[in-house]
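**Student:** Below is one structure. I have some questions about it.
What follows draws every value from the coordinates through simple rules; no lab data is involved. These numbers were taken from a predicted model, which means no experiment stands behind them. Counting neighbours? That spans all protein chains shown, and the Cβs are built from the backbone with ideal geometry, glycine included.
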Ligand code: AGP
């Protein structure tokens, strides 16, 4: 998730682009760059760090009627000046900015290097610049069309050439892109905030649309060149709301970004019905692993709890999960073939980093799962699997959690495949089920209003309980954390079978209990625990799969989930809990995106 911006017109491009990028930094902020066309030459400035660092490096703003810019959220290649966008070809004729992931970039890069192209970055994007150069024969439009036909993956691209000083070529597939329509000037951008205040008339591009933008004209076609009629979208957003995509808070926006985050995190990892992590070149370690320690903090730890159940079930490897702040001081009985998996959205959490270093000190291999390319955890681990949730602005983690779950499932499936530890037919069935997770999350998001009404009903409670068995218990833990950290309601999660061993005493008349019921084999057990709390006057809200609705008749309220595979249920069942916590915080007047006493990542000791 990066931000791209472009301008062609009678004005000066650089200040317009920089202003636009400043409104897109919520999409990525680890490096930035700009390219303008001046006297037949492309002037490119790019810098690691925030947009302000690039502007400082730029110094005096260049005068030019044409330019493109970028603010980055690294996916391939750590944040650095070289990996920052725009990328360019060997002859300095072409410059381009990109948001998305080119899945087949490694093969394309190999072929282009054999043809004599020199690469200066580690990014997937640079491949496109060289492809455009390869096909350039006097028409930038034709060269870009040809280059796009070689790409697999997602892209929002903008390309300029020194030979066409008023033209921007842009195209979209699975990444957002709009065109801002001005008088004698036009804009392209990843999102509306970038052009707000400059024009209120935009084209919202659809997948596989291609656009040629000049100061006087905007021509939209499909990727093969057939004209596309576009209707103008009139924007009446206020700038602040715009950055949140029209949502009131970043947390709600990020909850709704989960289907895309799940898709992006899976992209390039499933080929012909099989999971592929061969690029990690870690198979030998995976083959010989005797035991796994999953270590993390907060929400990431809760994702690890799901990972443990999936890996033990499919890969048949014993897994221990532990919170990093405890683990780092344990006297662990390490064995040579142990593997540590650390999970961290930020990649900078001190306790998780310390646990990683402790493992390394004992000669243990470490696999990191993180959302930030180039973060400390990514740098220090032996191997890294990136989640592609994009920047997570709200302190309460939501989309990062879902993408961590996706990586846990992909890893469990891959380990099972290469260790032949599970029925291959069932494995490919699960891989197939994973491909529907994004649409199932979209389906549950439609329950938002019903969940909002529940939150309004229970807005003044002082304590809430979350119950679940197996995978549902792990999700109950996450649900309780979300409610605690943003709405300041005392919330407890319990393994449902544990209640009778004491906590049941806390259940009072009218106390809300959110019960997760997505594990078909455990529904009877779960319902017997629900009967226990009902008998003490609790109000039970069942978050249950539609095929288990009958079994949950005794519950007071039901939030239905699609018929998701029980192993994969957490990616779907957590969503109602995120929305419930969000609205409880809203109705209780809390600062949703920046809860008190909490920081996005805890890096200090
Ligand atoms: C979750 O909503 C919190 N922000 C917090 O528990 C967080 O998950 C924890 O601090 C771990 O952060 P990390 O994933 O960046 O390491």
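**Student:** Among rounded, prolate and oblate, which fits the stretch 228-351 when a ≥ b ≥ c are the square roots of the eigenvalues of its C-alpha gyration tensor, a/c under 1.5 means rounded, and a/b larger than b/c means prolate?
**Tutor:** oblate
**Student:** Compute log10 of I(q)/I(0) for the stretch 289-402 with the Debye formula, placing one identical point scatterer on every Cα and leaving out solvent, at q = 0.11, 0.16, 0.18, 0.20 Å⁻¹, to two decimals.
**Tutor:** Here the Debye-derived log intensity ratios amount to -0.31, -0.66, -0.84, -1.04.
**Student:** Now for a separate question. Can you give the direction-averaged projected area of the convex hull of the alpha-carbon atoms in the stretch 182-264, in nm²?
**Tutor:** 6.5
**Student:** For the stretch 167-316, report the convex hull volume of the alpha-carbon atoms normalised per residue, in Å³, without decimals.
**Tutor:** 172
**Student:** Something else now. Could you work out the percent of alpha carbon pairs in the stretch 450-605 separated by over 26 Å, rounded to a whole number?
**Tutor:** It works out to 22 percent of all Cα pairs.
**Student:** What full-extension length gain, to one decimal in nm, is calculated for residue 229 and residue 357 as 0.36 nm per residue of separation minus the Cα-Cα distance?
**Tutor:** Roughly 40.4 nm would be gained on extension.
**Student:** Measure nothing but the geometry: give the 0 to 90° angle between the long axis through the Cα atoms of 13-22 and the longest principal axis through the Cα atoms of the chain, rounded to 10°.
**Tutor:** That works out to roughly 0 degrees.
**Student:** Sort 157, 504 so that the residue with the fewest other Cβ atoms within 10 Å of its own Cβ comes first and the one with the most comes last.
**Tutor:** Lowest count first: 504, 157.
**Student:** How many angstrom lie between the Cα centre of the stretch 5-37 and the Cα centre of the stretch 91-128?
**Tutor:** Computed from Cα coordinates, the inter-centre distance equals 22 Å.
**Student:** How many angstrom lie between the Cα centre of the stretch 407-421 and the Cα centre of the stretch 320-343?
**Tutor:** 20
**Student:** Can you give me the three principal axis dimensions of the chain from its C-alpha atoms, in Å, biggest first?
**Tutor:** Result for the chain: principal-axis Cα extents of 79, 55, 46 Å.
**Student:** Just to be sure I understand: of the beta bridges DSSP finds with both ends in the chain, what percent are antiparallel, rounded to 5?
**Tutor:** In the chain, DSSP labels about 60 percent of beta bridges as antiparallel.
**Student:** In a Debye calculation with equal point scatterers on the alpha-carbon sites of the stretch 328-470 and no solvent, what is log10 I(q)/I(0) at q = 0.09 Å⁻¹?
**Tutor:** Taken in order of the listed q values, log10 I(q)/I(0) reads -0.42.
**Student:** While we're on this one: Quick one: order 314, 333 by neighbouring beta-carbon count within 10 Å, fewest to most.
**Tutor:** Fewest to most other Cβ atoms nearby, the residues stand as 333, 314.
**Student:** Quickly estimate the mean residue ellipticity at 222 nm for the chain, helices only: each DSSP H run with n ≥ 4 gives -39500 (n - 2.57), and the total goes over all residues, rounded to 500.
**Tutor:** -10500 deg cm²/dmol
**Student:** Taking the Kirkwood radius as the inverse of the mean 1/r across Cα pairs, report the Rg/Rh of the stretch 107-229.
**Tutor:** Answer for the stretch 107-229: 0.98.
**Student:** Would you order 130, 87, 256 from fewest to most other beta-carbon atoms within 10 Å of each residue's own beta-carbon?
**Tutor:** Placing the least packed residue first, the sequence is 256, 130, 87.
**Student:** Which three extents, in angstrom, do the Cα atoms of the stretch 385-466 have along their principal axes, listed largest first?
**Tutor:** Dimensions of the stretch 385-466 along the principal axes of its Cα atoms: 52, 26, 24 Å.
**Student:** What angle do you read, to the nearest 10 degrees and between 0 and 90, between the alpha-carbon axis of helix 471-487 and the longest principal axis of the chain?
**Tutor:** 70
**Student:** Note the direction-averaged projected area, equal to a quarter of the hull surface, for the Cα convex hull of the stretch 1-152, in nm².
**Tutor:** So the mean shadow area of the Cα hull is 8.4 nm².
**Student:** Here is a follow-up. State log₁₀ I(q)/I(0) for the stretch 276-325 at q = 0.25 Å⁻¹ as given by the Debye formula over alpha-carbon point scatterers of equal weight, solvent excluded.
**Tutor:** Here log10 of I(q) over I(0) equals -0.97.
**Student:** Is the shape of the stretch 469-535 best called rounded, prolate or oblate, per the rule: a/c under 1.5 gives rounded, else a/b larger than b/c gives prolate, else oblate, with a ≥ b ≥ c the square roots of the Cα gyration tensor eigenvalues?
**Tutor:** oblate
**Student:** When a/c reaches 1.5 or more, the comparison of a/b and b/c decides; with that in mind, is the stretch 425-500 rounded, prolate or oblate per its Cα gyration tensor?
**Tutor:** It is oblate, given that a/c is not under 1.5 and a/b is not larger than b/c.
**Student:** Same structure again: Given points 7 Å out from each Cα along the Cα-Cβ axis, report the residue 57 to residue 459 separation in nanometres with one decimal.
**Tutor:** Once both label points are built, they end up 4.8 nm from each other.
**Student:** Which angle between 0 and 90 degrees, to the nearest 10, do you get for helix 424-434 versus the longest principal axis of the chain when only C-alpha atoms count?
**Tutor:** In the chain, helix 424-434 runs at an angle near 70 degrees to the longest axis.
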